[in-house]
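*Asks:* Here's a structure for you.
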Amino acid sequence: MSGRGGRELALHLLYQMDVRSETLDQVLPEALEFFQPTPPDRSFALRLVEYALEQNDRIDELVRQTAKNYDPSRFALLDLCVLRIAVAELLRVPESGPRLVINEAVELAKSYSTEKSGGFVNGLLDPIARIVRGDAPLKQGDRT
């Protein structure tokens, strides 16, 4: 597993694929040139993107279930991409603790999306993490 650099690259790749309506193979060379990731970050990013694409329907259903007062089709695209990467990691990377996944997603949302995105992403990922992992509820002090 790798860290923030891999998650950041995964977010960029998923976002570019959606915005450009292109495949991973089409957006990857430019992203690799821009980010110049370490081999572990590159590998982790590609795994996360593949998991997000494979689990897209399940991820979107979890987001829909959790976002009861929100229509996911109206989410900011960056927020939705952050959520998809984080939920994919929760589903497919058991060695990543839920607090870590949520905190990293919140930081990505705050860095790349709107001012309120961190709280929005946090509010959706906390219950999704409990559904997916069956973990005890996260205490407020455990979040950044």
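Taken together, the values in this text are just the output of simple stated rules run on the coordinates, not laboratory data. These numbers were taken from a predicted model, which means no experiment stands behind them. As a convention, Cβ positions derive from the backbone with ideal geometry for all residues, glycine included, and neighbour counts pool all protein chains shown.
*Asks:* What length, rounded to one decimal in nm, is gained on full extension from GLU33 through to ASN56, with 0.36 nm per residue of separation minus their alpha-carbon distance?
*Replies:* Numbers: separation 23, 0.36 × 23 = 8.28 nm, distance 2.67 nm.
The span from GLU33 to ASN56 would gain 5.6 nm if fully extended.
*Asks:* Of the listed peptides 55-65, 28-38, what is their order by residue-averaged count of other C-beta atoms within 10 Å, with the highest listed first?
*Replies:* On the way: 55-65: 15.6, 28-38: 13.8.
Result, highest mean Cβ count within 10 Å first: 55-65, 28-38.
*Asks:* What's the angle, to the nearest 10 degrees (0 to 90), between helix 24-35's Cα axis and the longest principal axis of the chain?
*Replies:* Computed tilt is about 90 degrees.
*Asks:* Continuing with this model, one more query. Please give the helix 117-133 orientation as an angle from the longest Cα principal axis of the chain, in degrees from 0 to 90, rounded to the nearest 10.
*Replies:* Computed tilt is about 80 degrees.
*Asks:* Around ARG58, with a cut-off of 12 angstrom between Cβ atoms, what is the net charge of the other residues, counting Lys and Arg +1 and Asp and Glu -1? Please report the intermediate quantities before stating the final value.
*Replies:* Details: positive: ARG64, ARG84, ARG92; negative: GLU54, ASP57, ASP60, GLU61.
That works out to -1.
*Asks:* Which one is right for this structure if percent of Cα pairs over 21 Å apart is calculated from it: (i) 37; (ii) 57; (iii) 54?
*Replies:* Structure-derived value, by its label: (i).
*Asks:* Also: For the chain, with only Lys/Arg (+1) and Asp/Glu (-1) charged at the beta-carbon, what is the dipole magnitude about the Cα centre, in debye rounded to 20?
*Replies:* Details: 18 positive and 22 negative charges, 111 e Å.
About 540 debye.
*Asks:* May I pose another question? Please give the calculated 222 nm ellipticity per residue for the chain, where each DSSP H segment of at least 4 residues contributes -39500 (n - 2.57) and the sum is spread over every residue; nearest 500 deg cm²/dmol?
*Replies:* The helix-only estimate for the chain comes to -23500 deg cm²/dmol at 222 nm.
*Asks:* Just to confirm the number: angle between the C-alpha axis of helix 56-66 and the first principal axis of the chain, 0 to 90 degrees, nearest 10?
*Replies:* Helix 56-66 sits at roughly 30 degrees to that axis.
*Asks:* Right, something else. Determine the relative contact order of the chain: mean sequence separation of Cα pairs under 8 Å and six or more apart, normalised by residue count, in whole percent.
*Replies:* On the way: 154 pairs, mean separation 32.2, N = 144.
Relative contact order here is 22 percent.
*Asks:* Please list 67-78, 41-52 highest first by mean number of surrounding beta-carbon atoms within 10 Å per residue.
*Replies:* Details: 67-78: 12.4, 41-52: 20.8.
Order by mean packing, descending: 41-52, 67-78.
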